[in-house]
Amino acid sequence: MSEAAYTQILNICAGFFLLAAVGMLSRRQFAGMIRLYAAQGLALAAIVTVLGIREGSVELLAAAVGLVILRVLVLPALARRALGAALHNRRETSPAVSIAGSLLASAALVLVAYAVARPLIALDPSATTAVLPIALSVVLIGLFALTTRHNALSQVIGFLLLDNGITATAFLATSGVPLIVELGVSFDVLLIVVVLTLLTVRLQAMFGTTDLDGLRELRD
Amino acid sequence: MDTVLIFTAIALPLVAAAVCGIAGWRSTVGVAGASAVGAAGLLLADALVLAVHVTRTGPVTVAGGLLRADALSAWMLLVVATIAALACWASLDYLAAGHPSRHGARRYGVLFQLFVAAMTVAVLAGNLGVLWVAVEATTIVTAFLVSHRRTRTALEAAWKYVVICSAAIAIAFLGIVLIYYAARHAGLDSHQALDWAALTAHADRLDPAVTKIAIGLAVLGFGAKAGLVPLHAWLPDAHSQAPAPVSALMSGVLLSVAFAAVLRFKAIADVAVGPAFLRTMLLILALATLAVAAVLLLGQRDYKRMLAYSSMEHLGLMALGAAAGTRLAIAAVLLHVAGHGLAKTVAFLGAGHILHLHGGSSQVTAVRGLAARTPLLGGLFGLAMLALLGFPPAAVFASELGIAVAGGAAGLGWAVAVAFALVLLAFIALITRTGTMLLGTPAGPAEPAPPLGVAAAAPLVAGLVLLAALGTARWPVEHLLTAAAAVVGAS
């Protein structure tokens, strides 16, 4: 793959990766958010595939397959299962920041990510690390969703977004951390989502809603 | 020898978990109960041998560097094993005294042992990736222990706990990824770049700008698991809702295990970017944590939450000691880990019995005149509170004094003054509430309370005896503490 083609393909994949994150902020319907999350998983796998082809690394190509299985198939399926429990509120009803505000904030977060990433790019300027700010933007957007959304399922999706951003950072900066760590991390993330899904189901059973505004008993 | 010692420490709780899973937890002296307590005792013995071994021969690594035992891990393992043994012992009584179902008891037994296993791996990790996976595993396992009672509030606490801690620890992972990035560009190969020993040895070659961001994120993330601000909101909820023996483990050791991870990152940062960077960050975290804890203690009406905020106060003090960073300061911090761990374990176990006596009400005002109604329980809880407040001969007295003196010597006199002013506020709040609980006049006629049984009181007494022993004679561990401080680069 020529340098120019590599840069272009990588940038396109990263563009879709960021677009999916912003798209998730703009949605109120959970079903749409989960579809966008699966699409973002595909974009992430595409980024890793492009890196793998460029470096001729079988390990990275295998990691891309693993990413598709976990983030395009398994995790969205789990999120849909939690959604099944929350039949009556399939929408985020009460975000602390309105949708329009969220979109403006995500634009600001992208700028912040570019500022933060400057030392990272300075350490090793290349076409690959030039995309790092995109990955960090998704980390920040995920944190933003996690803190401003008040529905259990929205928070799960915020956490998944955060995790996608971190995974993208890991692959772009270092072609992935060592395999054993990567496996441990993926397993942990899977378990966290299982735990959150179980808790969502129990919340629904006990509170009759997954809206966390009902969770106000413990406070000082 | 090395391999056996390290793998035994991890295998013991796993075996106990398997036995609990197969045999179930039927009565106080069932197979599962016996194996759980037995495994905890053996773990303690293993930790003692390992501590002697590493002080004689220096650090040992196994499994290609993934696991490592040095003086710091040996000390932390010793604390984990001691408190796990006490909490496990108390679990026998907790499960016997009115546990709902056999299924629930079995689940409790398995999760409890897995929790201990995850902490064992976390303190014995030689690789930052393994450390991360182990600390994250503690979140996953304890989430189910926090929601064990299946009440609305327990569920609410578990949700907050998982969301805040897993997001925080994800941020810490981003930090670890960036350390790996800096290390690869400093010429370390992929096996070494997350290896803690290799990283500290070559820390001077890491890019300072990238390392600053990386360490900042890692300390923020692991700091959240240690109950430091700004991501501390989960702590009072989770610690007050979990079953008493689990609260004891979470508050007594899990916080310190996460804090020990912060010390490991500090060792890298001090060489890579100079000691001023983390000193400033830790000072801010320490004073802010102390301030939040003191303010919320002043208005506290719930005694389990009171104990939780007191944990934040103590972790704030540890962060202050770490900011001072001298060998004396770190040794005092590590002694404080043990002192606070033991005292908080006894206090939470006592609070569990008090909660049981008062029909599940954790309001301070519901528990008046405890000392007259049940002198043994009241006395043990009172002694644990006095130990937490820093009265001698408990080890907390020696370690708080050590942190203050070392902080002053390191030129942080003003911070020490502010910190101890906040500790004084917390002291006033804690002693008034404890006074009300123990000596206050009951609102109605004083109902006689059933006395605390010998089996239930034994772990509490053992904890207090250990605490006083550690406070009066610390020479057996002095050498280990100094060696542990040296491991994380304190001079």
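What follows is calculated from the coordinates using simple rules that are stated; it is not laboratory data. What you see is a predicted model; the values in this text were computed from it and never measured. All Cβ positions, even for glycine, are placed from backbone atoms using ideal geometry, and neighbour counts span all protein chains on display.
With θ set to phi - 60° and the Karplus curve 6.51 cos²θ - 1.76 cosθ + 1.60, what are the ³J(HN,Hα) couplings of segment A:42-52 in order, to the nearest whole Hz, using x for Gly and Pro?
5, 4, 5, 4, 5, 4, 5, 4, 4, 4, x
Can you pull the one-decimal nm distance between simple spin-label points at A:Gln29 and B:Ile284, each 7 Å off the Cα toward Cβ?
For the pair A:Gln29/B:Ile284, the computed spacing is 4.4 nm.
Quick one: give the max-minus-min coordinate of the C-alpha atoms of segment B:276-491 along each principal axis, largest first, in Å.
58, 36, 22
Using only Cα atoms, locate the centre of segment B:362-413 and the centre of segment B:69-98, then give the distance between them in Å, rounded to an integer.
Between the Cα centre of segment B:362-413 and that of segment B:69-98, the gap is 20 Å.
Going by C-beta contacts inside 10 Å, put B:Leu377, A:Leu161 in order with the fewest on the left.
Listed from fewest to most nearby Cβ atoms, that is B:Leu377, A:Leu161.
Note down the magnitude of the dipole of chain B about its Cα centre, charges +1 on Lys and Arg C-beta and -1 on Asp and Glu C-beta and zero elsewhere, to the nearest 20 debye.
820
How big is the dipole moment of the protein assembly as shown about its Cα centre under a simple scheme where the beta carbon of each Lys and Arg is +1, that of each Asp and Glu is -1, and everything else is neutral? Debye, nearest 20, please.
Charge dipole, the protein assembly as shown, about its Cα centre: 1500 debye, nearest 20.
What's the exposure ranking of A:Ser186, B:Ser311, going from fewest to most Cβ atoms within 10 Å?
Lowest to highest Cβ neighbour count: A:Ser186, B:Ser311.
Take the alpha-carbon centre of segment B:259-327, take the same for segment B:462-483, and report the distance between them in whole Å.
22
Averaging sequence separations of C-alpha pairs under 8 Å and six or more residues apart, then dividing by the length of segment B:100-156, give the relative contact order as a whole percent.
Rounded, it is 33 percent for segment B:100-156.
In which sequence would B:Tyr309, A:Tyr114 go, from the one with the fewest C-beta neighbours within 10 Å to the one with the most?
The most exposed by this proxy come first: A:Tyr114, B:Tyr309.
Taking 35 Å as R0, compute the FRET efficiency from the Cβ-Cβ separation of B:Arg150 and B:Val454 and round it to 0.05.
The calculated FRET efficiency here is 0.70.
If one takes the longest principal axis of the Cα atoms in chain B, at what angle in degrees, from 0 to 90 and to the nearest 10, does the Cα axis of helix B:152-185 lie?
The two axes meet at around 10 degrees.
Hey, if you drop one equal point scatterer on each alpha-carbon of chain B and run the Debye formula without solvent, what base-10 log of I(q)/I(0) do you get at q = 0.10 Å⁻¹?
Once normalised to I(0) and log-transformed, intensities are -0.69.
Can you tell me, using C-alpha contacts under 8 Å and at least 6 residues apart, the relative contact order of segment B:373-491 as a whole percent?
46
Which far-off residues, 5 or more places away or on another chain, put their amide H under 5 Å from the one on A:Asn151, with H placed in the peptide plane?
A:Leu212
Starting with the highest mean, order B:453-466, B:153-166 by the number of other Cβ atoms within 10 Å, averaged over the residues of each peptide.
B:153-166, B:453-466
Roughly how crowded by other chains is peptide A:131-141, in terms of the mean Cβ count from those chains within 10 Å of each of its Cβ atoms?
1
How high is the relative contact order of chain B? Use alpha-carbon pairs under 8 Å, at least six apart in sequence, and give a whole percent.
Relative CO of chain B lands at 16 percent.
Output wanted: per-residue J couplings in Hz (rounded whole) for segment B:292-303, from phi through Karplus 6.51 cos²θ - 1.76 cosθ + 1.60, θ = phi - 60°, x for Gly and Pro.
So the Karplus estimates, Gly and Pro as x, are 4, 4, 5, 4, 6, 5, 4, x, 6, 10, 10, 6 Hz.
Pulled fully out, how much extra length does the chain show between A:Arg219 and A:Arg202, if you take 0.36 nm times their separation in residues and subtract their Cα-Cα distance?
4.0 nm
Amide H to amide H under 5 Å from B:Asp302: which residues, 5+ apart in sequence or cross-chain, H placed 1.01 Å off N in plane?
B:Val364
Normalized C-alpha radius of gyration of the protein assembly as shown, against 2.2 N^0.38 Å?
That ratio works out to 0.93.
Angle, helix B:2-23 long axis vs. longest principal axis of chain B, Cα atoms, 0 to 90°, nearest 10?
Tilt relative to chain B: about 40 degrees.
Which value in nm describes the separation of the simple spin-label points at A:Val74 and A:Ala122, placed 7 Å from the Cα toward the beta carbon?
My value for the distance between the label points is 4.0 nm.
Go through A:Leu215, B:Thr8, B:Gly321 and say which Cα lies farthest out towards the positive end of the charge dipole of the protein assembly as shown; charges sit on Cβ, +1 for Lys and Arg, -1 for Asp and Glu.
Of the options given, the answer is A:Leu215.
Amide H neighbours of B:Ala125 under 5 Å, at least 5 residues apart or on other chains, H built in the peptide plane: list them.
Under 5 Å from the amide H of B:Ala125 lie the amide H atoms of B:Arg68, each far enough along the sequence or on another chain.
If you place +1 on the Cβ of every Lys and Arg and -1 on the Cβ of every Asp and Glu, how big does the dipole about the Cα centre of segment B:276-491 come out, in debye to the nearest 20?
For this selection, approximately 160 debye.
Just check segment B:338-428 against the gyration tensor rule for me: Cα atoms, a ≥ b ≥ c as the square roots of the eigenvalues, rounded for a/c under 1.5, and otherwise prolate or oblate depending on whether a/b exceeds b/c.
Note, shape of segment B:338-428 comes out prolate.
Using the Karplus equation 6.51 cos²θ - 1.76 cosθ + 1.60 (θ = phi - 60°), what ³J(HN,Hα) coupling, rounded to whole Hz, does each residue of segment A:159-170 give in order, writing x for Gly and Pro?
4, 5, 5, 4, 5, 4, x, 5, 4, 4, 4, 4
Mind giving me the nanometre distance, one decimal, between the label points for B:Ser101 and A:Ala4, set 7 Å out from Cα along Cα→Cβ?
Label at B:Ser101, label at A:Ala4, 6.7 nm between them.
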